[in-house]
């Protein structure tokens, strides 16, 4: 039974041997009595947990561990170390002989304060230990049999090599409640981000595996939920999504559903308001409120001034505005931060309305209608922003302040209506505690963008003055329209100059200044014509607008360009912490497979990076909201190969030359290398994961020449309509080979070499990849797990039994096979016929 | 109480056959018009009065029939009637409220019809009495305000709005309606906004509310400070502005739909077209006029909103799905748009679209005074829009594409645009198309000079924006150029007729300066280098027109006379165009001579143009990219006065207070007792 526990993967073994601390222990100590110094310092460092109380920052614990190992093991007196080790050993051996001892002894093991809130939580720990006390007898019995194995195991657990990946693996494979409980506790000592990566696995185990595993995981999840709204919602969504494959009757009473309800009931607040008090609402910490403050006070103090600008009235007339306007509340609704009772609600509503839009779009017949509807729906959504909402796919804390609705596009899909929105956010320290930004009305763009508010726009004051003074004011009826509009017309000009540094616009300045000097100015017609063609030559190539494919133009625009453009048009754009994010909202699609693919890709990316194989892949973040909705982080600066070919009407190679310059130019070679590295990476991915449905609409090309595969709807055991197309290992068309410089080129050899290296590296760490998939298979009805041999086949594709020479042959064969594969071509033809994808 | 009602109804029905029997309510009216205090005989007189169904015609007729002196005699009774009406508005009993509202309406109307010559102060005195007037009106406005904002019956709200509309339109010239002074002091602006911001009330009363607001804004607009103007200009509550936009939007949609229906009917072959055209000349006239006139009110509302409120522009730029989002946190109902009109699908096109669309509708067929007014108003609205940066940004937004179906007038020399597949483009293209369409379709004897000037101004403003922001629209500028050149041609050939009425030099100068914009600043906004070549080609091709124009303006400017000054401006403006012609024409001729070609093809001319740019020198002209901003006063004041007068007349005619909801109201409220 304990076989799996001792079966260390080759990578683990190798690391274990390489690691200095582990090797030193193996030489100095016997198997049965581990006096590993690595376990020594832990209780010491944890002896003052109260100091790190409060907001448990995630990174310190690891540092503490490693530093502890490195330094303290040398300094610490062996007696102490031995004692401490024995303590730990004791704990594992007589795991939870009684509840009190266990909780007492387990505490030192937890290196830092992370665990502290749990134990001080009041009420909680006893409950856990009660539950855990039951299987003690079993544990003891088993312990006798595997005491030697246990000690090995313990040493592994205590070693600094023990990472979250191993933890998850043992949690899944071990049948020992003690081990499971131990790992459950150890979760607290990992950094939040590390554990978050395996959150789907953890929750899937919680839902579908036996109670021991669930009990081991729950405290950690509950603890994290208390800390973070984001984590709470993520958990709730994942729990919902992964419970959905259960039968309705069992689902209702399942553990997963119960936990989900508990989270959504919002009972898992921070146990006291301690955290909140520690991080006081920081008034001066972020600049935006300050700016707003100014804007607002101006705004509210001078209604009569605004009136004066626009209306016919005399400012001198005192109409009791304040009393009459009280009901209209002309002030924008400022959401004051009294969101205590509704911790999760704003975000849930935000997501819900995004999904609602998707559902309604799906009912419209044409892309054009969908686009218009989307834009108008988003403009309504804007009225409710800013709010305490955020995009979960982002990497930093922020509040969403505005959705530039005119920029949103509907993506190409036949019956569903996925859409891409851009979201303006203001970065903040902590979206839970930082105050929500104040709303700035759309029309305030003018004032916020005026030169006065842009400190570094590089115009000297006299320059500005001159441009002002030379502007004649024709308007005699100056009360009706404010003068500042005219002023601004001219003021904006120099601003554009300094930004774009073009020479054309000197022209317009000339036209103004020429009024002063009465001498006529002559210009050459040829110059005008030349400037026009130069101007156009400098603008990057764009795609032509196609109502049937509205996303092509939006995606082709360089991201930086788009950010600049949207920032200019946004009333919030002047704020220093303004950021632009984008997200694809999918409604009616199951993203669980996408999430699985993301995890595998990410894992492989880490492995390749670790093994220094220069393969390039781009895992994009996935947010599963339910079993039929979610969000995707778009890949920026990338358009699909289908769009490239349709718009440019060029072969891929010619397109590369158009975008990056001729062969042998630096740009082209870089782009080509990028192409090869990404191509090799994705070919391996496609092979290992058996990614199907590889038509050109599902392969993106970014502005640097990388390809990026998207849409992992058909992986592992599933393929579209099971037509049996795409039998080749991966997609490699002759066009791709052309870009790589042909079959005989160096780059093509490089490509094959990369694939081999990548496969060898992946093979070394196969367990890490396989376990991600294997755990998610639990209780899943996803098509990718169809059949019984999914995992076995996956493992086989790593070819553990082949020598490197044999692997090389294999790669050659696969490349040849894919090249010759008629099915790829056939499949493209099939897609062209059915979906119009080139 | 119900008994009384029944009795009244019974009596009335019989009264038509047998003459002398009078309703009880009529008897009571008679008592009021007797000099005695009606409460003398019956202390509960007023209570009873408001329980009875109002006889509007009788009351109005009675008031009308009195002459000034007689009225003064019964002034106390009328004052007291007014007073009790106002008091009854606060009653719990809804029937009383309804009757009081209607009685008030009859009072306002009756008094005004009678006293056409009387001053506003006389009327106030007659209705309320000088000493009490302020108090009474305050009470009245407060009651109306609370009725409009309360949760009461929708029919009641509707009646309140009708009363207000009635009050606002009792005089032909709204500014002479002195009672409105009290409406200014006791503002109901907030109540109107409230109606517009609420989805359900907007659907039912939006139209009336918007018209009322448009009229109130025009009360003594130029003479005094109108608080409604002030307030309208600072509204920035988005749901409210949205609501206003939506109401206007729906009214215009409805109009466009009607127009389109009519047009589509006409597509049954030549004969049916002809016959229905002739037919509609006689039949359709009446009701068409009505719809056009009601739309004047809506257009005025749109204008005031656009002109006064800068926040409204942002609303204008948005489109309106009538869906309540997130206010109902329940599961989103599968798209159930609650469009007030019911017939239109959730329409997503923007306001501007309709404005544009509407304009062409008006422009293409305008013949009478009303259409001319509407066209003018539409162009003014477009002018305001073209001047606003935010709206311009929206118009030019490459991401916001619309398919705008412009009505193209069938003309002799061109086929009726057969292709229905208009590409979806940024709205500015539609606006430009509209202007081009206008220019080529209205060169007629009754030359609408004013509209042409506005039209060219709009184009100029749009181009200035494009130049400033370096926006290169992929627009077929060539159509615009040839339309403008044709316009010059028309001006030239009708010089003598037109000069009698208009200053054609102003328009000519504007047109030439548009060309100067293209010539000197073309590099900043033209889409391609070849479009710049085409500009030259077009000028060279039509050089005769420019040369003739130059001769003409030169002739006029050398003669002393009123046109000397404007004509000489045109000669100066023509300098670059003439330089181009004089530069390229010899080159083209020599090219033809060298290659022995009699007629050069377009490509060949373009070739010559391209290779000879460098030797051409142009003069930079001042102020090409500057324009006079639109201002309502003083230039447009007269127009708006007349417009408001016509709208007032029309609204007064159409406020159907008596017929409207009487039955509904009774049904609704009779169950209460």
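All of the numbers you see were taken from the coordinates with simple rules; none came from a lab. As the structure is a prediction and not an experimental result, all values here were calculated from the model. Cβ placement follows ideal geometry from the backbone for every residue including glycine, while neighbour counts extend to all protein chains displayed.
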Per its Cα gyration tensor (rounded if a/c is under 1.5, else prolate when a/b beats b/c, else oblate), segment A:160-264 is best filed as oblate
Report the extension gain between residue B:495 and residue B:615 in nm, rounded to one decimal, defined as 0.36 nm multiplied by the number of residues separating them, less their alpha carbon distance. 39.6 nm
Would you work out if segment B:454-514 is rounded, prolate or oblate? Take a ≥ b ≥ c from the square roots of the eigenvalues of the alpha-carbon gyration tensor; rounded if a/c is under 1.5, else prolate when a/b is larger than b/c, oblate otherwise. prolate
If neighbour count is taken as other Cβ atoms inside 10 Å, put A:532, A:262 in order from fewest to most. A:262, A:532
Work out the FRET efficiency for residue A:258 and residue A:211 from their Cβ-Cβ distance, taking R0 = 22 Å, and round it to the nearest 0.05. 0.95
What FRET efficiency do you get for residue A:789 and residue A:606 if R0 is 25 Å and r is their Cβ-Cβ distance, rounded to the nearest 0.05? 0.40
What shape does segment B:472-628 take by its C-alpha gyration tensor, where a ≥ b ≥ c are the square roots of the eigenvalues and a/c under 1.5 counts as rounded, a/b above b/c as prolate, and the rest as oblate? prolate
Förster radius 60 Å - calculated FRET efficiency between residue B:633 and residue A:649 (Cβ-Cβ, nearest 0.05): 0.60
For segment B:519-548 and segment B:194-211, distance of Cα centres in Å: 50
Once fully extended, how much extra length lies between residue B:653 and residue B:601, figured as 0.36 nm per residue of separation less the alpha-carbon to alpha-carbon distance? 12.5 nm
Taking Cα pairs closer than 8 Å and at least 6 residues apart, the relative contact order of segment A:637-835 in percent is 26
Just to check, using Stokes-Einstein with a Kirkwood Rh over alpha carbon pairs, what's the diffusion coefficient of segment B:71-158 at 4 °C and 1.567 mPa s in µm²/s? 96
Note: residue A:267 to residue A:161 extended length (0.36 nm per residue) minus current alpha-carbon separation gives 34.5 nm
Relative contact order of segment A:160-264, pairs being alpha-carbon contacts under 8 Å that are 6 or more residues apart, as %: 24
